[in-house]
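Right, one structure below, let's go through it.
The values are calculated or read from the model by the stated rules, or taken from the named source; none is laboratory data. Since we're looking at a predicted model, the values are computed, not measured. Positions of Cβ are backbone-derived with ideal geometry, glycine not excepted, and every protein chain shown enters the neighbour counts. The area values use the complete protein model at the heavy-atom level, side chains included, leaving out ligands, DNA and RNA. Shrake-Rupley method; radii C 1.70, N 1.55, O 1.52, S 1.80 Å.
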Amino acid sequence: ETFDTLVDPGRAVPEESVRIHGITGGMLVGAPLLTDVLPAFLEFAGSAVLVGHEVAFDLRFLEPEVRRLGLPSLAASHAILDTRLLSRSLHGPGESHTLDAVAQRLGVPIAGRHSALGDAVITAEILVRLLALVQKRGILTLGQALDAVQSARQLTL
């Protein structure tokens, strides 16, 4: 299953964003507002583990919005697994851990880059390959994977 929607940001789309994502203001006409999308996403996600690459980036703008809407914190209500940090825990700080670099290192094809769904699919493929690698290192449970991510996070602070 996928959850994929454009969101009307309620303001003009910066030209830099258009260059990166290819999403223009015209494409957002009639798109739902974040006030509608966030509750729908939380319902879709249920109690699932949330997985992302460089999750802190997303949480920096999502957490204030969920608070503003009176919704539960994503970080407090879900286990969150960051594939960038999981990669860092496996491959060390000397390697690049951008989405593109990790995908290339693991042989994950890059398609639909810089779109939410495209990046999510790439991240999912990365996760599958990282999980196979962490299992070889004795990381067999979600709790152990979250601990590895936390350890990698501490090293970046």
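Does residue 22 qualify as being at positive phi and open to solvent by less than 50 Å² (accessible area, probe 1.4 Å)? Here the answer is yes, as residue 22 does meet what is asked. Residues in segment 1-32 that are closer than 21 Å to residue 44 by Cα and in contact (Cβ under 8 Å) with a residue 40 or more places away in the chain were compared, and the one that is farthest from the chain's Cα centre (by Cα) is 1.
Within segment 64-87, the only residue that satisfies the criterion of being free of Cβ contacts under 8 Å to residues at least 24 places away in the same chain and under 23 Å from residue 98 (Cβ atoms) is 75.
The rows are residues; the columns are (1) out of contact with any helix residue (DSSP H, G or I) (no Cβ under 8 Å at 6 or more places or on another chain); (2) open to solvent by 30 Å² or more (accessible area, probe 1.4 Å).
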{"position": "102", "(1), (2)": "no, no"}
{"position": "105", "(1), (2)": "no, yes"}
{"position": "108", "(1), (2)": "no, no"}
{"position": "119", "(1), (2)": "no, yes"}
{"position": "125", "(1), (2)": "no, yes"}
{"position": "146", "(1), (2)": "yes, yes"}
{"position": "149", "(1), (2)": "no, no"}
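Report yes if residue 17 is open to solvent by 70 Å² or more (accessible area, probe 1.4 Å) and hydroxyl-bearing (Ser, Thr, Tyr), otherwise no. Taking the combined requirement at face value, the residue does not satisfy it.
Return yes or no: is residue 134 open to solvent by less than 50 Å² (accessible area, probe 1.4 Å) and either in contact with a Lys or Arg (Cβ under 8 Å, 6 or more places away or on another chain) or not in a helix (DSSP H, G or I) (or both)? It is false that residue 134 is open to solvent by less than 50 Å² (accessible area, probe 1.4 Å) and either in contact with a Lys or Arg (Cβ under 8 Å, 6 or more places away or on another chain) or not in a helix (DSSP H, G or I) (or both).
Cβ-Cβ contacts under 9 Å between residues 6 or more apart (or on different chains), taken from a first residue in segment 110-123 that is farther than 15 Å from residue 3 by Cα to a second residue that is surrounded by fewer than 17 Cβ atoms within 10 Å (Cβ to Cβ) and among the hydroxyl-bearing types (Ser, Thr, Tyr), are absent.
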